[in-house]
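The values are calculated or read from the model by the stated rules, or taken from the named source; none is laboratory data. Everything numeric here is computed off the predicted structure, so don't read it as measured data. Neighbour counts are summed over all protein chains in view; Cβ atoms, including those assigned to glycine, are modelled from backbone coordinates with ideal geometry.
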Amino acid sequence: MSEYLLDVKNLSIYFFIQEGTVHAVNDLTFTLKPGETIGLVGETGAGKTTTALGIMSLVQSPPGMVVDGQIVFEGRDLLKLSEAEMRKVRGSKISMIFQDPMTSLNPVIPVGDQIAEVLLLHENLSAADARIKATEMLTKVGIRPERAKEYPHQFSGGMRQRVGIAIALACNPLLLIADEPTTALDVTIQAQVLELMKALKVEFNTSLIMITHDLGIVAEICDKVAIMYAGSAVETADKYELFRNPKHPYTIGLLNSIPDIEKDEESLKPIKGLMPDPMNLPGGCPFHPRCDHATSRCAEVVPPRVEVAKGHFVKCLLFEEGGA
Amino acid sequence: MTNVNPQKQMSKEAMAPEKFAGTKRLDRFMEVWRRFRRNPLAVAGLVMILLMGVLAISADWIAPGTEFDPGYDIQNLPARLVRPGDTFNTGFLDDYGNPIYESVGIFGTDHLGRDMLGRIAHGSRITLLVAFLVVTISMTLGVTLGAIAGFYGGVSDNIIMRVIDVILAMPTILLAITIAAALDPGLHTIIIAVGVGAIPGYARITRAQVLTLRDQEFVEAARSVGANDFRLIRKHILPNCMAPIIVEATMGLAGAIASAAALSFLGIGLAPPTPEWGAMLADGRRFMLAGEWHMTVFPGVAIAMIIFSLNMMGDGLRDAFDPRLRSAGFSKKRFKRQLQAIEAKKAGAKEV
């Protein structure tokens, strides 16, 4: 087995709808070691969630389809597994925390039972034992065990998200995918939930894919970062490397758009233009219409993935000579 | 301290897990019952239905028949068309040569001298049996079909829903009459005739619910922990659409009773001596203008009352079942008591 827990190679996921083909994920490559945290960062529509669903084999098909690539997890290509085999992976080895805790819990099942469900599905436990373990999980995420009998609507948003975390971690998965877990929460609760995730990640020694559009969260929790643009990772690097030494013009634009607390800034500096329509991506580098350094070649040649420093990959023609 | 049994340690740390582990179906049922109890109209409906059940069970005991009035099933022509409270001439003479007059059951007798109370009581057996069987069968079929159609969509949805549309295209009562006429008369015929017409209602409601629920994030979340389709439907989707299905089922009980009565009224339900309420109504119709009101009023009131009770109970059940409508452990009494306590404290503080 390779040193990587998860090795996503050239993943492409398209949605074939009536109006045309949506290129949601294009030639995405990244790796993740056991215990490591990667942040998938990008604007809305950059294909972050589709990537997560792709790893879980939960892309709705039709219309969605994984057209190319490999997702190697523990040495097995998840895309080649049957649905029944995949069900065994879901929840026990890979699990997911959803964006909106208001809708990701079943309103008519007590939260304790929802945690117990995962355990019943994957571990040989009796119903009573599963419930006992479920209350232990609740205690771990800081909810009083006697509340196991209560229904989701009796909890606040932050508590529900903690229940979601308890469900995701109940079977001690190797990989946890968190799809913008703090977007629906207010800032103070965000911090709490992040702290909790960090602590539990260490306790359970879980790898984490953190999907977010907030570079602050990346700085807080991740080891490395993949900056996604129009469905592919334009830059992948270690967190410190990326923040200190960003290469791709898009990454630089993103970092520049964060106001500096030390400077007296009049207005924000957004990247000009909008994300391209994934149904009609520009040829060559998808970022070239918005790029300050774009040349005529950028519209024609799709930039290859170039390693500019150890573990620092960029997809941009500016750095072409440096690599292969 | 490394080899502490984690199980033991855990249970010491929190007593509640065992308590939670013990929550079974019964507890869940008690919770629904607690909320149901707070709705007086619904409880009244339930009581009425229970009384009807008692009536059905004790029918033989309520109307055992007398020497001159053998009961609900056997003709007794001298006692025909006796109104409630009246007496009739038995045709026998006492020792002094005077005719013997006898009283009849509190609901009077019908045109063949049969005791109306006894017939109503025995009729309730048939009514309840038909209603529950019709609903059970049509609900099971309808919900299953609707869930499959809604969950899988595409071809299965098209096939199932087109068949449902065909059934819906025919007026329910005509469909029932056709089926009843085609099959041998009997209880099973009524059940099939009425039941088939009820399937589309359940199928459509279930399908509509499943369609909105299947794309909800919690279903995706359940899928992401490894649940299969059957489990998704049974554990996550169907419990979320129970409220409208239960309402439809209680209303369906009422509808089944009305339809069965209508079939019997038209003479294609159960064969004549059977004391079916609809058939009794049809018999009484002929004597209504002659002033024999009791032959139509009692079966009519019986039908109306059970349907009314069922509808009220249905409303109550819907509110009790839906956890989103529940006010967690809220009791008006307790709230009032707390309020009084606060008031008392305030008053006490003022005095000091």
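Please verify whether the range A:146-164 includes one or more residues that are polar (S, T, N, Q), within 8 Å of chain B (Cβ to nearest Cβ), in contact (Cβ under 8 Å) with a residue 60 or more places away in the chain and closer than 27 Å to A:Leu53 by Cβ. No: the range A:146-164 contains no residue that is polar (S, T, N, Q), within 8 Å of chain B (Cβ to nearest Cβ), in contact (Cβ under 8 Å) with a residue 60 or more places away in the chain and closer than 27 Å to A:Leu53 by Cβ.
Every residue in the range B:285-306 that is buried (at least 20 other Cβ atoms within 10 Å of the Cβ), modelled with pLDDT under 85 and not in a loop (DSSP other than H, G, I, E, B), please.
B:His294, B:Met295 - these are the residues of the range B:285-306 that are buried (at least 20 other Cβ atoms within 10 Å of the Cβ), modelled with pLDDT under 85 and not in a loop (DSSP other than H, G, I, E, B).
In the set A:Gln60, A:Gln114, only one residue is closer than 30 Å to A:Arg144 by Cβ and either among the polar types (S, T, N, Q) or within 14 Å of chain B (Cβ to nearest Cβ) (or both); that residue is A:Gln114.
Is it the case, given these coordinates, that A:Ser95 is hydroxyl-bearing (Ser, Thr, Tyr), under 20 Å from A:Leu6 (Cβ atoms) and facing another protein chain (nearest Cβ under 9 Å)? Lay out the reasoning, then the answer.
Numbers: hydroxyl-bearing (Ser, Thr, Tyr): yes; under 20 Å from A:Leu6 (Cβ atoms): yes; facing another protein chain (nearest Cβ under 9 Å): yes.
Answer is yes for this residue.
Looking at B:Met52, B:Met30, just one residue is out of contact with any Phe, Trp or Tyr (no Cβ under 6 Å at 6 or more places or on another chain), at pLDDT 75 or above and within 14 Å of chain A (Cβ to nearest Cβ), and that residue is B:Met30. Scanning the range A:248-296 for residues that are over 23 Å from A:Asp214 (Cα atoms), aliphatic (A, V, I, L, M) and in contact (Cβ under 8 Å) with a residue 60 or more places away in the chain yields A:Met279, A:Leu281. Screening B:Gly150 on (1) surrounded by fewer than 20 Cβ atoms within 10 Å (Cβ to Cβ); (2) at pLDDT 85 or above; (3) not aromatic (Phe, Trp, Tyr) shows it passes everything except condition (1). Of a type in the set (Gly, Ala, Ser) and in contact with a strand residue (DSSP E or B) (Cβ under 8 Å, 6 or more places away or on another chain): does that describe A:Gly157? Considered against the rule, which asks whether it is of a type in the set (Gly, Ala, Ser) and in contact with a strand residue (DSSP E or B) (Cβ under 8 Å, 6 or more places away or on another chain), A:Gly157 comes out as no. Out of B:Ile167, B:Ile233, B:Ile160, one residue alone is assigned to a helix (DSSP H, G or I) and under 30 Å from B:Ala271 (Cβ atoms). It is B:Ile167.
Cβ-Cβ contacts under 6 Å between residues 6 or more apart (or on different chains), taken from a first residue in the range B:167-180 that is of a type in the set (S, T, N, Q) to a second residue that is assigned to a loop (DSSP other than H, G, I, E, B), are absent. If only residues of the range A:126-149 that are in a loop (DSSP other than H, G, I, E, B) and buried (at least 16 other Cβ atoms within 10 Å of the Cβ) are counted, the one that is modelled with the highest pLDDT is A:Ile143. Here A:His312 does not fit the description of being free of Cβ contacts under 8 Å to residues at least 24 places away in the same chain and surrounded by 14 or more Cβ atoms within 10 Å (Cβ to Cβ).
Listed by position, the strands (runs of 3 or more DSSP E) enclosed by the range A:1-101 that each have at least 3 residues that are under 18 Å from A:Val234 (Cβ atoms) and touching a residue at least 24 places away in the same chain (Cβ under 8 Å) are A:6-17, A:20-32, A:37-41.
Across the range A:118-137, what is the total count of residues that are within 7 Å of chain B (Cβ to nearest Cβ) and within 24 Å of the chain's Cα centre (by Cα)?
Qualifying residue count for the region: 2.
Determine whether the range A:15-35 contains at least one residue that is basic (Lys, Arg), at pLDDT 85 or above and more than 23 Å from A:Lys198 (Cα to Cα).
Pass one, the range A:15-35, residues basic (Lys, Arg): A:33.
The next check asks that each one be at pLDDT 85 or above; those that pass are A:33.
Imposing the further condition that a residue be more than 23 Å from A:Lys198 (Cα to Cα) reduces the set to none.
Checking the range A:15-35: not a single residue is basic (Lys, Arg), at pLDDT 85 or above and more than 23 Å from A:Lys198 (Cα to Cα).
Only residues that are more than 7 Å from chain A (Cβ to nearest Cβ) and either in contact with a Gly (Cβ under 7 Å, 6 or more places away or on another chain) or among the hydroxyl-bearing types (Ser, Thr, Tyr) (or both) were counted across the range B:210-245, and they come to 4.
Among the residues of the range A:263-283, write down those that are closer than 19 Å to A:Ala24 by Cβ and surrounded by fewer than 18 Cβ atoms within 10 Å (Cβ to Cβ).
A:Leu274, A:Met275, A:Asp277, A:Met279, A:Asn280, A:Leu281, A:Pro282, A:Gly283
What about B:Leu129, is it under 22 Å from B:Arg234 (Cα atoms) and either assigned to a helix (DSSP H, G or I) or touching a residue at least 40 places away in the same chain (Cβ under 8 Å) (or both)? Break it down into steps so the answer makes sense when it comes.
Working: under 22 Å from B:Arg234 (Cα atoms): no; either assigned to a helix (DSSP H, G or I) or touching a residue at least 40 places away in the same chain (Cβ under 8 Å) (or both): yes.
When the stated conditions are applied, B:Leu129 does not pass them.
Identify, from the list A:Leu194, A:Leu120, the residue that is hydrophobic (A, V, I, L, M, F, W, C), farther than 19 Å from A:Leu53 by Cβ and either outside any helix (DSSP H, G or I) or free of Cβ contacts under 8 Å to residues at least 12 places away in the same chain (or both). The unique qualifying residue is A:Leu120.
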